[in-house]
Amino acid sequence: MARKGKSGRLSNAMSWFKSRLWLIPCGMSVLALGAGYALVRYSFKVPIDASGSLWLFSGDPATARGLLSTIVSGMITMTSLVVSLTILVLAQAARQLGPRLIYNFIGDRSIQAALGLFVATILYCLFILRSINEQLGPQGVPRYAVTLASLLTIACLFALLAYISKLAHSIVSDTVVREVGDNLDAAIDECPRRSDHADEKIDVDEESREHATRRCIGLEQSGYVQFIDYDALVKTAGRHDTVLIVHIEPGAFLLQKGDTVEVRSKALVGKRVERAIRDCFVIGAVRTPTQDLQYSVRQLVEIALRALSPSINDPYTATAVINRLSASLEKAGARELTTKYYRDRAGRLRVVAANGGYGPVVETAFTQIRAAAEGMPAVLMVLTERIQDLLHSAELREQREALLAQLQAIRWTIAQINEPEDRRKLEAIVAGPMETG
């Protein structure tokens, strides 16, 4: 991906925060407690005559305590209901769509905001409730604060309706496929366009012939590569006059020891340079979509595989995934997905970044779906038609070879179909592109 260093690290951090269900509720709770504290202090300092107001609370301390106690009791019950519904939907989504998609669900801002509103209202009412002293009389009632508690309760009721509607839509497979597909398109948009970066063929050995000392280093961490700061790598390489060849790409899993980065230099580099190189990599326990193009592809494939499993047997969801993947692959065809070369300001080659290219993305998208749909002619027919459509828009030889390889694999799968008519239709669709390819 072409995402810059600082923005890329920020995006990776935001991806982590987004997947934390507690973040927005905690923030809203702090704001609610701060608002409660300010309103209580203001209400006690300023005399309030609420006799002629229809919206401002005008009861005595006992009435205020009773109202707030009722609100707290009702909100706790409502929150328990929301949590129960959430757990039920998460369990259903994990079984039907895959456990990895739970991150997409809990990362939804509207769901986090609804839960945050319920929790914040409870904490706010508890704070106001403990500040009411019946011995102070009517002037001891923080009327603005109690009024706000009533308004928050009304907001929670409408939020509950919106939350239930969101839950109902979130377990619909078409909705999930669209959302994950949008994430995939966003990742593809981060890749540079081919017209902006011509397919240059660089002799790395020739350009680094002055750097005779070569050594491979590992990152001394195990986990998934979440982000690679190529800008920082270029600066590090330029500062120490080295050429760095990165053998892994975002999304790969690393062991502590391995030939992750090849360092070509004029003299043996020290430990300080190695630490600077390692600091350019962000390693974590899970994959993230920041630079990993295949992250969302694998999520879509998992939805299709579960839909094609005997326990679910939902070919319509599988065909929806195939269509969505095809649309994203069409966009990816106009992007630069192969090896990238990074130079410093003086034009000297500094970093060679490994990227799989278009072929591995196509293989990840279609291979497992094709194998799982072996006994489903309808799904194979849609898959064949989409690959044929992609062939019409393929501009590079690499793209056509990857797509034709999938068609060849489908041709072998067709032989396993027992129904002659279905076999004949599939063979007719496959034959045209295979002959012209």
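The values are calculated or read from the model by the stated rules, or taken from the named source; none is laboratory data. Predicted model, so just to flag it, every value in this text is computed and none were measured. Neighbour counts run over all protein chains shown; Cβ positions are idealised from the backbone, glycine included. Accessible surface is based on the protein model in full, side chains and every heavy atom, while ligands, DNA and RNA are left aside. Shrake-Rupley method; radii C 1.70, N 1.55, O 1.52, S 1.80 Å.
If you wrap a convex hull around the C-alpha atoms of region 346-393 and split its volume per residue, what is the figure in Å³?
Values: hull volume 3.8 nm³, N = 48.
Normalising the Cα hull of region 346-393 by residue number yields 79 Å³.
For the charge dipole of the chain, defined by +1 on Lys and Arg C-beta atoms and -1 on Asp and Glu C-beta atoms about the Cα centroid, which residue among ASN183, ILE369, THR288 has the Cα displaced farthest towards the positive pole?
Sorting the options by dipole projection puts first THR288.
So, with a 1.4 angstrom probe, what is the percent of accessible area on region 103-239 that is carbon and sulfur?
On the way: 3630 of 6750 Å².
Here it works out to 54 percent.
With +1 on the Cβ of every Lys and Arg and -1 on the Cβ of every Asp and Glu, and nothing else charged, how large is the dipole of region 188-312 about its Cα centre, in debye rounded to the nearest 20?
Numbers: 18 positive and 21 negative charges, 106 e Å.
I would put it at about 500 debye.
Helix 420-436 versus the longest principal axis of the chain: what angle, 0 to 90°, nearest 10, using Cα atoms?
On a 0 to 90 degree scale, this one is about 60.
Using a 10 angstrom cutoff on alpha carbons, build the Gaussian network for the chain and name the most mobile of LEU184, LEU56, LEU308.
Maximum among the listed residues: LEU56.
Stretch GLN388-ARG95 to full length: gain in nm at 0.36 nm per residue minus the Cα-Cα span? Mind dumping the intermediate values first?
Details: separation 293, 0.36 × 293 = 105.48 nm, distance 3.25 nm.
The span from GLN388 to ARG95 would gain 102.2 nm if fully extended.
Roll a 1.4 angstrom probe over the protein heavy atoms and tell me the percent of accessible area of region 251-351 that is carbon or sulfur. Don't jump to the answer; show the numbers that get you there.
Working: 2410 of 4580 Å².
C and S fraction of accessible area: 53 percent.
Calculate, for region 141-249, the solvent-accessible area per residue in square angstrom, rolling a 1.4 angstrom probe over the heavy atoms of the protein chains. Spell out each step's value before the answer.
Numbers: 5360 Å² over 109 residues.
Per-residue accessible area for region 141-249 comes out at 49 Å².
So what's the angle, to the nearest 10 degrees on a 0 to 90 scale, between helix 230-239 and the longest Cα principal axis of the chain?
Once rounded, the angle reads 70 degrees.
If the viscosity is 1.567 mPa s and the temperature 4 °C, what Stokes-Einstein diffusion coefficient in µm²/s follows for region 310-427 when Rh is the Kirkwood radius over Cα pairs?
Values: Rh = 15.8 Å.
Answer from the Stokes-Einstein relation: 82 µm²/s.
Taking the Cα atoms only, what angle lies between the long axis of helix 358-372 and the longest principal axis of the chain, rounded to 10 degrees?
Taking the Cα atoms of the chain, the angle to 358-372 is about 80 degrees.
If the reach is capped at under 15 angstrom between alpha carbons, list the aspartates and glutamates near LYS235, excluding any in the same chain fewer than eight residues apart.
Excluding near neighbours in sequence, the set is GLU274, ASP279, ASP344.
In cubic angstrom, how much convex hull volume per residue do the alpha carbon atoms of region 131-254 span? Intermediate values should be presented prior to the final figure.
Details: hull volume 38.4 nm³, N = 124.
Convex hull of Cα atoms, per residue: 309 Å³.
How long are the semi-axes of the equivalent ellipsoid of region 206-302, taking √(5λ) for every eigenvalue λ of the Cα gyration tensor, in whole Å from largest down? Numbers along the way, then the final one.
On the way: eigenvalues 151, 35, 26 Å².
Those come to 27, 13, 11 Å.
Could you list the square roots of 5 times each eigenvalue of the Cα gyration tensor of region 120-195, that is, the equivalent ellipsoid semi-axes, sorted largest first and rounded to whole Å? Present the calculation step by step, with values, prior to reporting the outcome.
Values: eigenvalues 465, 57, 14 Å².
Each semi-axis is √(5λ); the values are 48, 17, 8 Å.
Along each of the three principal axes of the Cα atoms of the chain, give the extent in whole Å, ordering the values from largest to smallest.
Per principal axis, max minus min of the Cα coordinates gives 88, 68, 36 Å.
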